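The values are calculated or read from the model by the stated rules, or taken from the named source; none is laboratory data. Keep in mind the model is a prediction, meaning the values are calculated, not measured. Don't worry about glycine lacking a Cβ; one is built from the backbone with ideal geometry, like all the others, and counts go over all protein chains shown. Just so you know, the surface numbers come from the protein's heavy atoms only, side chains and all, with ligands and any DNA or RNA stripped out. Shrake-Rupley method; radii C 1.70, N 1.55, O 1.52, S 1.80 Å.
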Amino acid sequence: MTDAAAHGKAQTHAHPRAHAPARASDPLLPPGLLHGDRRAVARTISCIEQGAPEAAALRAALAPHLGRAHVVGITGAPGAGKSTLVHALLGELLARGQRIGVVAVDPSSPLSGGAVLGDRVRMGEHGAHADVFIRSVASRGHLGGLSPGTRAIVDVLDAAGFDTVIVETVGTGQSEVEILRVADTRIVVCPPGLGDEVQASKAGILEIADLLVVSKADLPGAEATVRHLREMLQLRAQPAAAAWKVPVLSVSAGTPAGAAAQGVAALAETTLEHGRHGGHGRRLHADAKSAAAAARVFRLAASDPFISITGITCQRGGPGEAEVRLHLRAEHLNFNGSCHGGVIFALADTAFGLASNSHGTVAAGIDAHITYQQAARAGDTLMAHAREVSRSRKLAVYRVDVTRADGRAISSFTGTVYLTSEHHP
Ligand SMILES: Nc1nc2c(ncn2[C@@H]2O[C@H](COP(=O)(O)OP(=O)(O)O)[C@@H](O)[C@H]2O)c(=O)[nH]1
Ligand SMILES: [Mg+2]
């Protein structure tokens, strides 16, 4: 870290940005980027998003300038109140003199643009503030709620010297664990109301929350939701020595009817406190861990005799995640001319096995269920994507979606493993 960067970090909490710290320039990056020049930032992001030829070089050049910003992930179901909360947080952080970058990941088609505009409007007057930079990205159907480019955009904003970078992402369930790799502090937003049980257990959302926020605290049922989440947290197996106790905060970010906001300052304080506690750049460690898991998945796939005889190929791996693919040929068909269910099972089970063994210890399958939605035929390419739904000390649950290359659902699979303490060689 340069002196300038270290200086900048100290400023975040003491004298927030009397002057943006003068940071060294880097000949590999566009001029002005490290100083937060808006046009340089916008151009760099576009270049990376569009996969321009120089994108990979740019991403690599960003690496030495990362880890200064405090990256805050805000996740929750659509309509949970995330954008409204981001707007309220912007007000609090601006009042502390911070420069803030916002990345809003929207699941809608990049063509519709409607929801993206809606987010800008909802973030209201702060969106136009000179110290705020908002970028909306479409998630392009990527189920994790985070598009592959999200991390790169966060990196650009981090390198550009924003004090806080907020990532708003729709919680679509299963692979929310991805937010680990993007954010230092993860806030999960739960609105009050029915289905708390479902919400809380879904996708191990409690496992990934550093802060739980019950939004719309002005609505009936908010207190019950707070109580419920606290109970859930108590039931959860937490390492006894866990230094950070996940707080449950209730926040009303201002009602459509114009009632005053409540709990926003406390949320901002707790968020900053977690940033000091966990350390900025925590996401970068998670990223290194993730690269190690990816390498492990590929190594395991390469050493699996069954995978090599079936023609299954490994496409992707990560912590608790794996994707495999198979091109269907005549020998995969049954007497009716469609793909044999056993082949689909084998493909899903392969992804399940790789994902569950991605953490470095041996996981043994103890249960699996499969449903078939649609027949597949010779010539189709099937992909199986396994993601960790939940993991405790001894058991982990995975969901595998089998789809055709065009995205059509073929089958879904759920499997449970017993986690041994034995390490992979
Ligand atoms: N009553 C109440 N409504 C809220 C509050 N925060 C957000 N909303 C409303 O909830 C709806 C969804 O909010 P939005 O921020 O767009 O949710 P997002 O989809 O999670 O980003 C909007 O109609 C908001 O006006 C709140 O604190 N109280
Ligand atoms: Mg939103």
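Where does the stretch 288-423 land on the Kirkwood hydrodynamic radius, alpha-carbon pairs, in angstrom?
14.8
The share of accessible area on the stretch 316-425 that comes from carbon and sulfur is 53 percent, using a 1.4 angstrom probe. Average accessible surface for the stretch 288-423: 48 Å² per residue, computed with a 1.4 Å probe over protein heavy atoms with every protein chain in place.
Applying 1/(1 + (r/R0)^6) with R0 = 35 Å to the Cβ-Cβ distance of Ala375 and His424 gives a FRET efficiency near 0.45.
Going by a ≥ b ≥ c, the root eigenvalues of the Cα gyration tensor, does the stretch 324-395 fall in the rounded group (a/c under 1.5), the prolate group (a/b larger than b/c) or the oblate group? Taking the square roots of the gyration eigenvalues as a ≥ b ≥ c, the stretch 324-395 is prolate. Of the residues Ala396, Pro425, Met383, the one whose Cα sits farthest towards the positive end of the charge dipole of the stretch 320-425 is Ala396 (charges of +1 on Lys and Arg Cβ, -1 on Asp and Glu Cβ, taken about the Cα centre).
Residues whose amide H falls under 5 Å from that of Ile410, counting only those 5 or more places apart or on a different chain, are Val402, Thr403, Arg404, with hydrogens built in the peptide plane.
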